[in-house]
Amino acid sequence: MGKVTTGFSMSLDGFVAGPNDGPDNSLGDGGERLFKWYFSGDATHEVPSGTGTFKMSKEGADTIDAASRSAGVLVTARRTFDIAHAWGGKHPMNVPIVVVTHRVPREWANQPGSPFTFVTDGVESAIEMAKQIAGDKTVVVGAPSVVQQCLKAGLMDEIHIDLIPALLFDGVRLFDHLGIQPMDLEITEVDTTAQAVHITFRVLK
C-alpha cells in the first residue's frame, strides 16, 4: 500500500491558515499570503479537476504536479468538509475523499456517484479505509486536526511543507495540540524559490 503523507503551505511562525478559515482552509485574515506563491511565476499547473489553473515557479509546479499524480485518496475532517460546502461534490484534487466525522451528513448518505466515504469510528479506521481505496497510491491527509491525530497515532509517513516568507502571528497551526514525545524527521528533498522553500520530511519511526 502507499504511504500516508500531508502537505501544507506554512508561514515561518507555523500557521497554515488565517484565524478565520476560508473555504479552502487557507484564505482570509492574512492567510492569503500562504498561497501567494501559487500565482507568482510563469509555469502553469492545472488542478486535476480541471476547475482552475495556477501560475507559479517551475519548481513549485513540478512539486504540485508530482503530488497530484501520486495521490490516490484525500483524508479530511468534517469541519473542513463543511466549510468547503463539500467542494460542490468534486474536490480540486479529483480523488476519492474519506471524511473523519462523528455523524454522516444526511444529504450525502448513500448518494450515487458521491466521492465521499464517511468514517465515524476514528482516524485509524479512516486511514485504513483510505489505504484500501488508494491501493499503491498515496493517502493524502488534508486537515490540520487529522494530521495531528495521525501523528499521535504514529500513522504519518511523510510531511511536505511549502515554507512561506511571512509571519501571520495568528491562525491555525499545523503542529498544535499534540502533547506527545519529540519526533525526529529526515529531510529527503528541498527546493528553494523566491516565493517558498519546498521541504519534504520522512517521519522516522
Item to check | Residue under evaluation Phe175, criteria (1) surrounded by fewer than 23 Cβ atoms within 10 Å (Cβ to Cβ); (2) part of a helix (DSSP H, G or I); (3) among the hydrophobic types (A, V, I, L, M, F, W, C), criterion not met | outcome: (2)
Next on the checklist: Quick check on the range 46-60: of everything there that is touching a strand residue (DSSP E or B) at 6+ places or on another chain (Cβ under 9 Å), over 30 Å from Arg103 (Cβ atoms) and surrounded by fewer than 19 Cβ atoms within 10 Å (Cβ to Cβ), which residue is modelled with the lowest pLDDT?
Outcome noted: Gly52
Next on the checklist: Six or more apart or on different chains, Cβ atoms under 8 Å: show the pairs whose first residue is in the range 112-140 and at positive phi and touching a residue at least 12 places away in the same chain (Cβ under 8 Å) and whose second is part of a strand (DSSP E or B) and of a type outside the set (Gly, Ala, Ser).
Outcome noted: Gly122/Val100
Checklist entry - Before we move on, is Arg79 free of Cβ contacts under 8 Å to residues at least 40 places away in the same chain, charged (D, E, K, R) and not in a loop (DSSP other than H, G, I, E, B)? => result no
Checklist entry - Could you say whether any residue in the range 84-95 is assigned to a helix (DSSP H, G or I), out of contact with any Phe, Trp or Tyr (no Cβ under 9 Å at 6 or more places or on another chain) and either at positive phi or hydroxyl-bearing (Ser, Thr, Tyr) (or both)? => result yes
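The values are calculated or read from the model by the stated rules, or taken from the named source; none is laboratory data. Small disclaimer: the values here were computed from a predicted structure and weren't measured. Ideal geometry is used to build each Cβ from the backbone, glycine not excepted, and the neighbour counts take in all protein chains shown.
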